[in-house]
Amino acid sequence: MEEKQETPKTASKKPRGGGEPIRSIDTYAAQCEKCFKWRVINSSEEYEEIRCKIAEIPFVCDRKPGVSCEDPADIEYDASRVWVIDRPGIPKTPGGFKRSLVLRKDFSKMDAYYITPTGKKLRTLNEVAGFLAANPEYSDVSLSDFTFSVPKVMDDTIPEDVVKKGSASSDAKRKPKTSKGVVGDGTARDEGSVAMH
């Protein structure tokens, strides 16, 4: 079976003014199916478009204007920031809504929320169903347009000083770097995947 690209997201480890690391997505990237170089994606909307169609339309460098596989990578997969690998095929966020992903303080996983056009935060599919039922003006939006599936936090990019929930020390064993095409959460990546940082 042919190996395909991953498209990651990363959460920056750069501290804010108060010294707290940023725990939301600050960069989107996609990995070229041909050369495996990472390309920065300019917006969450463009990223969602790539992610939802990556199985049918694999990402390649020349999809970005003026870029080819001959050009250096835009970003390297390393531990300078936390990387999370998203699942392929997640639907685009419906118009007017915002999908929010937040990294937990212990870096164990991300939490997904939807912010409605009215500013309400929805945490579960039941809350989404209730909101849609109570607001008939969103009758064109389907419950299947929402998912609370979250990206996999890549253990080999978590800061060394983070003590994960349930671990006795910060020297806990880390998983080795995952090979491209498959992520250690049991999700097949041969149809492509997406990532953030």
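The values are calculated or read from the model by the stated rules, or taken from the named source; none is laboratory data. Because the structure is a prediction, the values reported are computed rather than measured. So basically every Cβ, Gly included, is an ideal-geometry build from the backbone, and we count neighbours across all protein chains shown.
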Exactly one of (1) farther than 20 Å from T93 by Cα; (2) in a loop (DSSP other than H, G, I, E, B); (3) not β-branched (V, I, T) is unmet by D62. Its number? (2)
With E127, E137, E49 as the choices, which residue is in a helix (DSSP H, G or I), more than 22 Å from R23 (Cα to Cα) and in contact (Cβ under 8 Å) with a residue 24 or more places away in the chain? E49
From K180, K173, K109, which residue is at pLDDT below 95 and over 30 Å from I57 (Cα atoms)? K173
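Residue-wise test of (1) surrounded by 14 or more Cβ atoms within 10 Å (Cβ to Cβ); (2) among the basic types (K, R); (3) under 29 Å from E56 (Cα atoms).
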position: P72; (1), (2), (3): no, no, yes
position: A79; (1), (2), (3): yes, no, no
position: W83; (1), (2), (3): yes, no, yes
position: D86; (1), (2), (3): yes, no, yes
position: P91; (1), (2), (3): yes, no, yes
position: F97; (1), (2), (3): yes, no, yes
position: N126; (1), (2), (3): no, no, no
Number of the exception - C32 against (1) under 27 Å from D140 (Cβ atoms); (2) surrounded by 16 or more Cβ atoms within 10 Å (Cβ to Cβ): (1)
